[in-house]
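Let me begin by presenting the structure, written as structure tokens, before commenting on it.
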Amino acid sequence: MRTFLTLLVVGILLSIVGSSVEGLLWLTVPGILAFLGAVAYAVLSPPPPERDVTTGHATPRSRSS
């Protein structure tokens, strides 16, 4: 989760700075790439384990056929 949020925030900030500051338009490209990296990370990473609200421990995940 921390990696996703870091990539997302960095991508958004670089894109905003690159598009609004004259002479730093080149920052928009790494910003877009970081944002797309966050999207790819979210799609490809396994979902976090489900947690039992009462105990706070991870619950075993049942396999569906």
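The values are calculated or read from the model by the stated rules, or taken from the named source; none is laboratory data. Not measured: the values here are computed from a predicted model. We place every Cβ from the backbone using ideal geometry, glycine too, and count neighbours over all the protein chains shown.
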*Does GLY23 count as small (Gly, Ala, Ser) and at pLDDT 90 or above?*
no
*asked:* Restricting to segment 30-55, and then to whatever is surrounded by 12 or more Cβ atoms within 10 Å (Cβ to Cβ) and not aliphatic (A, V, I, L, M), can you tell me which residue is nearest to LEU8 (Cα to Cα)?
replied: PHE35
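Report the residue count in segment 19-29 for those that are surrounded by fewer than 15 Cβ atoms within 10 Å (Cβ to Cβ) and in contact with a helix residue (DSSP H, G or I) (Cβ under 6 Å, 6 or more places away or on another chain).
Of all residues in segment 19-29, those surrounded by fewer than 15 Cβ atoms within 10 Å (Cβ to Cβ) come to 19-26, 29.
If we keep only those that are in contact with a helix residue (DSSP H, G or I) (Cβ under 6 Å, 6 or more places away or on another chain) as well, we get 19, 24-25.
So the answer is 3.
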*Would you pick out the residues in segment 1-52 that are more than 17 Å from the chain's Cα centre (by Cα) and either of a type in the set (Gly, Ala, Ser) or not in a helix (DSSP H, G or I) (or both)?*
GLY18, SER19, SER20, VAL21, GLU22, GLY23, LEU24, PRO49, GLU50, ARG51, ASP52
*Which pairs have Cβ atoms under 7 Å, sit 6 or more apart or on different chains, and link a residue in segment 33-44 that is on the phi > 0 side of the Ramachandran plot to one that is among the β-branched types (Val, Ile, Thr) and not in a helix (DSSP H, G or I)?*
none
